[in-house]
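The structure under discussion appears below in the form of structure tokens.
The values are calculated or read from the model by the stated rules, or taken from the named source; none is laboratory data. In this text the structure is predicted, and so the values were computed from the model without any measurement. All Cβ positions, even for glycine, are placed from backbone atoms using ideal geometry, and neighbour counts span all protein chains on display.
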Amino acid sequence: DAKTTQPNSMESNEEEPVHLPCNHSTISGTDYIHWYRQLPSQGPEYVIHGLTSNVNNRMASLAIAEDRKSSTLILHRATLRDAAVYYCILRDPLNQAGTALIFGKGTTLSVSS
Amino acid sequence: DAGVTQSPTHLIKTRGQQVTLRCSPKSGHDTVSWYQQALGQGPQFIFQYYEEEERQRGNFPDRFSGHQFPNYSSELNVNALLLGDSALYLCASSSKTGRFTDTQYFGPGTRLTVL
């Protein structure tokens, strides 16, 4: 699986938008971009995923660069509950080897009131 | 609808002992993956089970073994425990069919401490 690069940490204030960047310059044409987050003392949870077009769901938005070498997870109004480690992961659903998630160290997001 | 459940929540063992961790997948899921998460690190993939067979394995020694039962639940066994095996062990379930393909749902984990 191709590698991703994320900042170690970011800070935000409550009710402000947060843009979490991810670089994946070696992404292949069949790799989907997945985001998971891990709240304190919990297992990771799925946030969003996309291939080429920008995606929105109730949790967040995913903006994907036209060349797909980078993406940004957008939390439109951060809350204290959004404080977590955010992981950007590339997944190829056609990978016959399996569907393991390869986690990096992620970005630790701190949210202040 | 219950999500992924794991037992026990916490476990303390001594070096050289053996441990078994258990996982029940989310309803409708047929695939179980296990991950090890050391303090301050991202989860590391151990192995994945589907149709009661190990389908994919990460870079873990043979001391780590598993099993999947006909009801899709799974066990992770670790033999000859080392201090370095102390970690949070996460189970994730997913479905190889249907619209949930490829999204993994994680349990809360089992915290293993080896003394």
So A:R37 passes all but one of these: (1) at positive phi; (2) at pLDDT 95 or above. Which condition number does it fail? (1)
From the option list B:T31, B:T110, single residue qualifying as buried (at least 20 other Cβ atoms within 10 Å of the Cβ) and farther than 23 Å from A:S41 by Cβ is B:T31
Restricting the first residue to segment B:16-44 and requiring it to be within 10 Å of B:G107 (Cβ to Cβ), which pairs with a second residue that is part of a loop (DSSP other than H, G, I, E, B) and charged (D, E, K, R) meet a Cβ separation below 8 Å and a spacing of at least six or different chains? B:K26/B:D1
I need the full set of residues from segment A:1-25 which are of a type in the set (V, I, T) and part of a loop (DSSP other than H, G, I, E, B), in order please. A:T4
Of those in segment A:78-113 that are in a loop (DSSP other than H, G, I, E, B) and modelled with pLDDT of 95 or more, the residue nearest to the other protein chains (Cβ to nearest Cβ) is A:G106
Residues of segment A:53-62 satisfying the condition of being in contact (Cβ under 8 Å) with a residue 12 or more places away in the chain and either in a strand (DSSP E or B) or of a type in the set (D, E) (or both): A:S61, A:L62
Just need a number here: residues in segment A:11-59 that are under 30 Å from B:T110 (Cβ atoms) and hydrophobic (A, V, I, L, M, F, W, C). 8
Sole exception among (1) within 19 Å of A:G43 (Cβ to Cβ); (2) touching a Ser or Thr at 6+ places or on another chain (Cβ under 7 Å); (3) of a type in the set (D, E, K, R) for B:K96, by number: (1)
Return the residue satisfying two criteria in turn: it lies in segment A:26-52 and is hydroxyl-bearing (S, T, Y) and assigned to a loop (DSSP other than H, G, I, E, B), and of such residues it is farthest from A:G104 (Cα to Cα). A:T52
Every residue from segment B:72-99 that is at pLDDT below 95 and surrounded by fewer than 16 Cβ atoms within 10 Å (Cβ to Cβ): B:K96, B:T97, B:G98, B:R99
If I filter segment A:82-95 for residues that are of a type in the set (G, A, S), closer than 29 Å to B:T110 by Cα and surrounded by 12 or more Cβ atoms within 10 Å (Cβ to Cβ), do I get at least one hit? yes
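Matching residues to (1) within 14 Å of the chain's Cα centre (by Cα); (2) within 27 Å of B:C91 (Cβ to Cβ); (3) among the small types (G, A, S):
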position	(1), (2), (3)
A:M10	yes, no, no
A:P17	no, no, no
A:S41	no, yes, yes
A:Y46	yes, yes, no
A:N56	yes, no, no
A:I74	yes, no, no
A:I89	yes, yes, no
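Take residues that are under 30 Å from A:L51 (Cβ atoms) and within 12 Å of chain A (Cβ to nearest Cβ) and tell me which of the strands (runs of 3 or more DSSP E) falling wholly in segment B:15-115 contain 3 or more. I'd like the intermediate steps shown before the answer.
Numbers: elements: B:19-24, B:31-37, B:44-50, B:53-57, B:64-68, B:74-78, B:87-94, B:110-114.
Ranges flagged: B:31-37, B:44-50, B:53-57, B:87-94.
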